[in-house]
Amino acid sequence: SDAICNFVICNDSSFHSQPIIFNPDFFVEKLRHEKPEVFTELVVSNITRLIDLPGAELAQLMGEEDPKLPGTNSTASGFFRSLMSLKRKEKGVVFGSPLTEEGIAQVSQLIEYLHKNLRAEGLFRVPGNSIRQQILKDALNSGTDIDLDSGEFHSNDVATLLKMFLGELPEPLLTHKHFHAHLKIADLTLFDEKGNKTSTPDKERQIEALQLLFLILPAPNRSLLKLLLDLLYQTAKKQDKNKMSAHNLALMFAPHILWPRNVTANDLQENITKLNNGVTFMIKHSQKLFKAPVYIRECARLHYLGSRAHTSKDDLDLLTSPGSKELQPLKSQKRSRLDSCHQEETQQRTEEALKELFRHVHNMPDSAKKKKLIRQFNKHPTTLTPGSDVPTSPAPRRTRSRSFSGLIKRKVLGTPVILERKSRDTTPEPARVSKENVQLLQKCGSPAHMSQAKLKSLEGRKEESSRRMRALLLSKDSSSL
């Protein structure tokens, strides 16, 4: 019974087409059986990451101290408490004895029968016949197989007997040392944007905490709990027939699987609602609670593959061990994506800065400084610009048309629009001025920007007037001589 599984290497070709069943929790179960101390430390370290357990409660969870439970220090001894104690003293093979695999095998007959009869109205709430229940109880204690499908017993008899079995266990199914942890899990709520706690339950953290807590339950308790919660889950799914919702079922079973033994509702006081809601949550999410979290699986797997052990989810997130070869391609891909994104962002910022600079230069009033800056734009080759790989339309082979400023203008203004030139403004284009400069200046219609033709016309007039002035001065100098 201690063996987990055996590795079998088979070369028979007849088995090659058969599906392979792989248990994702294999290494988890292997670690739990072979190294229970290491396994418990791994799980508890992650439980304390989710819930706040003081030193005493943590020691109780680890089994280092006896649990301190509600009602244990009370001197009151009510009728209910003494009656329950007397019932548990009458131990049988199954009922009233500590939970064993033999007892689970007997009780599983009841659970299998109830799975076939979930439509009975008031199931688990309506009591069965006491005489039939006693007959059935004696049969289970004797270890004999029972033919429940014979029609001799009613589903309410079987349901009531199942609750009786759970109630007569020496301790609740979820154990005494886990009691305070379940109270803390029920208090897990979401936080708002400012970091303040809200009243909304944090379901994801609650599921994760219950998954971890169930991992360190004793094996018989965990097996029976899984069978029971699955039965209650299927019962709640048929509540339109049996009138038993998950909350109604939790009210029936919370005293048997979670409440400490020999306590009354008065002993629990304000915690009773919290405990009932906790069992309701377990029933609703039972299909997720018996799977080990992914990081626990990974830690257990790495433990047996020779890599260094990781003790928490945070350590696994920061995994850099060379033994995890399957994570390296993902890291390299992520790094290359980050590098390419960084390069694109840098290129985009550079182009935006060049566009802004170009706008600033052409918004300047006409001056010698503006002309000088434009000439500097024209001197830079296209290969120095970030967007030099942008394809341009075919054009005649001209060096000035592929200038630094030409590319910036195309970035800012898009495809240049060829404007019709008036015959009165048509002048030979100087070699220094590029085609893009002429088109840009023609496109700008603000008063501060003159057309290229007008600009050259004014420059021509200035040169003509200066030439005439020099000639006049020379003529005056010659006459004076």
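Please identify the pairs in which a residue from region 275-304 that is of a type in the set (Lys, Arg) has its Cβ atom under 6 Å from the Cβ atom of a residue that is in a helix (DSSP H, G or I), counting only partners at least 6 apart or on another chain.
Hits for this filter: LYS284/ALA246; LYS288/ILE207; ARG297/VAL28; ARG301/PHE27.
Just to check your reading of the model, which residue among LYS184, LYS226 is of a type in the set (D, E, K, R), modelled with pLDDT of 95 or more and under 29 Å from PRO98 (Cβ atoms)?
The unique qualifying residue is LYS226.
Counting just the residues of region 198-240 that are surrounded by fewer than 17 Cβ atoms within 10 Å (Cβ to Cβ) and farther than 25 Å from GLU112 by Cα, which one comes out nearest to the chain's Cα centre (by Cα)?
Only one residue fits best here, namely GLU204.
Taking interchain pairs and intrachain pairs at least six residues apart, which have beta carbon atoms under 6 angstrom, with the first residue in region 41-60 and at pLDDT 85 or above and the second open to solvent by less than 40 Å² (accessible area, probe 1.4 Å) and of a type in the set (Lys, Arg)?
Listed pairs, sorted by first residue: none to list.
Residue under question is LEU275, and the condition is that it be buried (at least 19 other Cβ atoms within 10 Å of the Cβ) and in contact with a helix residue (DSSP H, G or I) (Cβ under 6 Å, 6 or more places away or on another chain); does it hold?
Yes: the conditions hold for LEU275.
Tell me, which helices (runs of 4 or more DSSP H) wholly within region 120-197 include 1 or more residues that are open to solvent by 40 Å² or more (accessible area, probe 1.4 Å) and of a type in the set (Ser, Thr, Tyr)?
130-142
If a residue has to be in a loop (DSSP other than H, G, I, E, B) and in contact with a Pro (Cβ under 7 Å, 6 or more places away or on another chain) to count, how many in region 198-218 make the cut?
Going through region 198-218 one residue at a time, the tally reaches 0.
Tell me the residue from LYS284, LYS243, LYS288 that is of a type outside the set (A, V, I, L, M), within 22 Å of LEU212 (Cα to Cα) and surrounded by fewer than 16 Cβ atoms within 10 Å (Cβ to Cβ), please.
None of the other options fit; the residue is LYS288.
The values are calculated or read from the model by the stated rules, or taken from the named source; none is laboratory data. Keep in mind that what you see is a predicted model, and the values were worked out from it rather than measured. Cβ atoms come from the backbone with ideal geometry, glycine included; neighbour counts cover every protein chain shown. Keep in mind that these areas ignore ligands, DNA and RNA; they rest on the heavy atoms of the full protein, side chains included. Shrake-Rupley method; radii C 1.70, N 1.55, O 1.52, S 1.80 Å.
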